[in-house]
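Structure first, then comments.
The values are calculated or read from the model by the stated rules, or taken from the named source; none is laboratory data. This is a predicted model, so every value here is computed, not measured. Neighbour counts are summed over all protein chains in view; Cβ atoms, including those assigned to glycine, are modelled from backbone coordinates with ideal geometry. Heads up: the accessible areas ignore ligands, DNA and RNA and are worked out on the full protein's heavy atoms, side chains in. Shrake-Rupley method; radii C 1.70, N 1.55, O 1.52, S 1.80 Å.
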Amino acid sequence: MKREDLRAIEGMTPELENAVMQLAGADRTAANAREQQLQQQVAAAQQAQAAAEQQRAQLQQQMDKQQAEYRLRELIRTAAIAAGAYDPDDVVGALITDTSITSSTEQTAAINTAVEMLKSSTKPHWFKKSSTADPDPAAQGRRIVTPKPAAGDPLAADPTVEDFAKMDYMERIRLKATNPALYAALLKDMAKLRNRY
């Protein structure tokens, strides 16, 4: 609104002209303030939307990572069971962070290779002996000579599950070498006791 337009109105006095101009100025100031307030609200809404999108993307990324890790654990567990692992969780724990597996595009092949490495050289005691890889010497006509344990030796008599639980690693390996059937039976009994508690 211009003063010239007001002066063209019949009966417009300078006082009325000033009053109208003041009212118009107040309206313009209020309109500008309202526009700024709306712009601030739009900016705040856009920021909130961007933050929500970022949070959604982070949650999706976390879910994808957990799903990939679960799938990897199951693949390793399956390969460990197929390879005859006594406790597949040992194999999973050993291989879950192996970068040659996690970064591989052919994870199944990489897992099978790593499990075979554990079985053949690194941790063979984690796996059951297969009949083809470890043939029975008696079946091939060879004599098995088992040294007789000395008196006071934990292996002097067949150990019980309680005795087996108290044995150290080397004593268990010796038992496995001298009496594999008893060793396997005691290992199963130990697993049953663990599962019971």
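Going through the stretch 162-190 one residue at a time, which ones are among the aromatic types (Phe, Trp, Tyr) and either surrounded by 15 or more Cβ atoms within 10 Å (Cβ to Cβ) or more than 19 Å from Pro124 (Cβ to Cβ) (or both)?
Once the filter is applied, which keeps residues that are among the aromatic types (Phe, Trp, Tyr) and either surrounded by 15 or more Cβ atoms within 10 Å (Cβ to Cβ) or more than 19 Å from Pro124 (Cβ to Cβ) (or both), the stretch 162-190 yields Phe164, Tyr183.
Which condition breaks for Thr105 when tested against (1) modelled with pLDDT under 90; (2) assigned to a helix (DSSP H, G or I)?
Single failed check for Thr105: (2).
Kindly check whether there is at least one residue in the stretch 49-62 that is open to solvent by 50 Å² or more (accessible area, probe 1.4 Å), modelled with pLDDT of 90 or more and under 13 Å from the mean Cα position of the chain (by Cα).
yes
Quick one: how many residues across the stretch 64-89 are open to solvent by 70 Å² or more (accessible area, probe 1.4 Å) and either among the acidic types (Asp, Glu) or closer than 25 Å to Ala191 by Cα (or both)?
Matching residues across the stretch 64-89 total 9.
Is it the case that some residue within the stretch 96-103 is open to solvent by less than 30 Å² (accessible area, probe 1.4 Å), under 26 Å from Ala184 (Cα atoms) and without any contact (Cβ under 8 Å) to a residue 60 or more places away in the chain?
No, because not a single residue in the stretch 96-103 is open to solvent by less than 30 Å² (accessible area, probe 1.4 Å), under 26 Å from Ala184 (Cα atoms) and without any contact (Cβ under 8 Å) to a residue 60 or more places away in the chain.
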